[in-house]
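Asks: Attaching a single structure in structure tokens format; questions to follow.
The values are calculated or read from the model by the stated rules, or taken from the named source; none is laboratory data. Values in this document were obtained by computation on a predicted structure and should not be read as measured data. Please note: Cβ atoms are built from the backbone with ideal geometry, for glycine as well, and neighbour counts cover all protein chains shown. Please note that ligands, DNA and RNA were not included when accessible areas were found on the heavy atoms of the full protein model with its side chains. Shrake-Rupley method; radii C 1.70, N 1.55, O 1.52, S 1.80 Å.
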Amino acid sequence: MLRKSETIQMAHDSAVKKNDIVLKDGDFAMVALNDAEANELIAYGVEGSFEFKKDSGASLKVGDKAYYKVAEKSITNTASGNKFIGRVVQVGASTVEVKINTK
């Protein structure tokens with residue numbers, strides 16, 4: 001093993017805020033660990049669990065598949081039109097913790 005790959009360094013083509021989800025190739029979730037301008041090299045989390053905004057209509061439970069609603073920047077349990085990013089590990093009133101890139 002060369003290294004434990006919980007983060008990767010990458011420059012994204014648009015500005016990001018800390019905790020923004022970026023989908024590489026449409027299905028690989030990366031979480032911005034800091035704010036960055038477009039084309040600025042920063043670290044993205046690619047393993048582990050992260051807290052995100054829960055979609056207002058979502059009915060999520062621990063173990064459920066988590067889908068990212070790109071336009072709303074929220075997590076839902078609805079697959080149609082959304083992007084799978086991992087599994088739910090904890091649910092709050094308005095937030096949800098998701099272990100990313102876990103089938």
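Asks: Near the amide H of Glu40, under 5 Å away, which other amide H atoms are found, from residues 5 or more places off or on another chain, if H is placed in the peptide plane?
Replies: His12
Asks: Anyone know which of Ala29, Ala79, Ala38 comes out most mobile in the 10 Å Cα GNM of the chain?
Replies: Looking only at Ala29, Ala79, Ala38, the largest GNM fluctuation is found for Ala38.
Asks: Mind listing the long-range amide H neighbours of Thr102? Cut-off is under 5 Å, sequence gap 5 or more, other chains count too, H placed in the peptide plane at 1.01 Å from N.
Replies: Under 5 Å from the amide H of Thr102: Gly86, Arg87.
Asks: Give me the percent of accessible area attributable to carbon and sulfur for the chain, probe 1.4 angstrom.
Replies: Working: 2980 of 6230 Å².
Solvent-exposed carbon and sulfur of the chain make up 48 percent of the total.
Asks: Now, a different point. So for the chain, averaging the separation of alpha carbon pairs under 8 Å that are six or more residues apart and normalising by length, what relative contact order in percent results?
Replies: Details: 241 pairs, mean separation 24.7, N = 103.
24 percent.
Asks: Next question. Is the shape of the range 45-95 best called rounded, prolate or oblate, per the rule: a/c under 1.5 gives rounded, else a/b larger than b/c gives prolate, else oblate, with a ≥ b ≥ c the square roots of the Cα gyration tensor eigenvalues? Please list the in-between numbers first.
Replies: On the way: a/c = 1.34, a/b = 1.11, b/c = 1.21.
Judged from the Cα gyration tensor, the range 45-95 comes out rounded (a/c under 1.5).
Asks: Let a ≥ b ≥ c be the square roots of the eigenvalues of the Cα gyration tensor of the range 1-58; is it rounded (a/c under 1.5), or, if not, prolate (a/b larger than b/c) or oblate? Before the final figure, lay out the partial values.
Replies: Values: a/c = 1.89, a/b = 1.23, b/c = 1.54.
Cα axes put the range 1-58 in the oblate bin.
Asks: Related question: Please calculate how many Å² of accessible area the chain carries per residue, with a 1.4 Å probe and no DNA, RNA or ligand atoms counted. Show your work: numbers first, answer last.
Replies: Working: 6230 Å² over 103 residues.
In whole numbers, the chain has 61 Å² accessible per residue.
Asks: Using R₀ = 25 Å, calculate the FRET efficiency as 1/(1 + (r/R₀)^6) where r is the Cβ-Cβ separation of Ser80 and Glu51; round to 0.05.
Replies: Numbers: r = 24 Å, r/R0 = 0.97.
With R0 = 25 Å, the Cβ-Cβ based efficiency is 0.55.
Asks: Now for a different question. Placing unit charges on C-beta atoms (Lys and Arg positive, Asp and Glu negative, everything else neutral), compute the dipole magnitude of the chain about its Cα centre in debye, rounded to 20.
Replies: On the way: 15 positive and 14 negative charges, 86 e Å.
The dipole magnitude comes to about 420 debye.
Asks: Could you work out how far the C-alpha centroid of the range 46-103 sits from that of the range 1-42, in angstrom?
Replies: If we compute the Cα centre of each part, the gap is 18 Å.
Asks: OK, next. Could you list log10 I(q)/I(0) for the chain at q = 0.11 Å⁻¹, which the Debye formula gives when each Cα is one point scatterer?
Replies: Ignoring solvent entirely, the Cα scatterers give -0.31.
Asks: Along Cα→Cβ, 7 Å out, is where each label goes; now give me the distance between the ones at Ala38 and Asp13 in nm to one decimal.
Replies: Going by the 7 Å Cα→Cβ label model, 1.0 nm.
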